[in-house]
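Below is one structure, written out as structure tokens, with a few remarks after it.
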Amino acid sequence: MTQHRSTELRDETGVRAPANRTLETLDDIPREIADRRLHAEFGEHISPQKSEAIRDRPDRIEGSAEFQEAAKRAGIGGTGDVLGWSTDIESPAHVLRQDMAKEIATLIHEDLHRMTDPITRAEITSTDSGSRLYEGITEMYTEKAVKGLHGHKPGECYADSMRHAERVEQFVGDAELRRYFFKHELPENIGRAIDQLRRDQT
Ligand SMILES: [Zn+2]
């Protein structure tokens, strides 16, 4: 068997060298895995500015007392079954300390919220059913990014909303939905599809 030095391997496989970031605390490990998985799945839709914003203000992984305290300060009540929450790209998300697979999945879910185009996010969450759909799309994307992650149990969050999201994705197309989610492209097409699916259901 031929042995390779990592530099040679990189040349042969075309795998890019990891970004020059240092790991300083244990929490940087799940954050780094989440970051790499997010970029492996959605990199072409994520602008360098968004990547930098998230890396400059890394998400906080907090024990339950600290997590609840932060939620209370932000005016978020009833964190009983909440694993994480986020507000915008500029602000770190708050993620409940759990086993590492769940931390990684929650970091990815919250970073997807942070990276959603703000107009898309405002548009889709303007109704209750839209808000549920938005959570379903976010969780569907989380599942794509954590696929094969050791210890991950799929389908534990937002199962109904995810099924709805999958119908929307089939209807409008995977690439089209990603463009809407990250860049607010094709809003008319996506809006029409969501309305159409809603009419078909009632
Ligand atoms: Zn969410």
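Structural remarks
- Per-residue extension of 0.36 nm, minus the Cα-Cα distance of Asp128 and Glu44, leaves a gain of 27.2 nm for this segment.
- Rounded tilt (10° steps) of 159-172 against the dominant C-alpha axis of the chain: 90
- Lys pairs under 24 Å by Cα in region 9-201, provided they are eight or more residues apart or on distinct chains: 11
- Shape call, region 143-202: gyration tensor on alpha carbons, a/c limit 1.5: oblate
- A dipole drawn for the chain from +1 and -1 charges on Cβ atoms has a positive end, and of Gln170, His113, Thr142 the residue lying farthest that way is Gln170.
- Burial order of peptide ranges 108-116, 65-73 (average beta-carbon count within 10 Å, highest first): 108-116, 65-73
- For the chain, the Cβ-based charge dipole about the Cα centre amounts to some 120 debye (Lys, Arg positive; Asp, Glu negative; other atoms uncharged).
- With Cα atoms, 0 to 90° folded angle of helix 100-115 axis to the chain main axis: 60
- Entry note, the chain: relative contact order of 18 percent, from Cα contacts under 8 Å with a spacing of 6+ residues.
- Cβ crowding within 10 Å averaged over residues, with 82-93, 171-182 ranked highest first: 171-182, 82-93
- FRET efficiency for the Lys153 to Asp28 pair, using the beta carbon distance and R₀ = 35 Å, is estimated at 0.90.
- When only alpha carbons of the chain are considered, Rg and Dmax amount to 18.1, 62 Å.
- Using alpha-carbon coordinates, inclination of helix 174-183 to the longest axis of the chain, degrees: 90
Values quoted throughout were computed directly from the atomic coordinates according to the rules given, and no laboratory measurement underlies them. Quantities reported herein were computed from a predicted structural model and do not represent experimental measurements. Glycine gets a Cβ as well: all are built from the backbone with ideal geometry, and neighbour counts include every protein chain shown.
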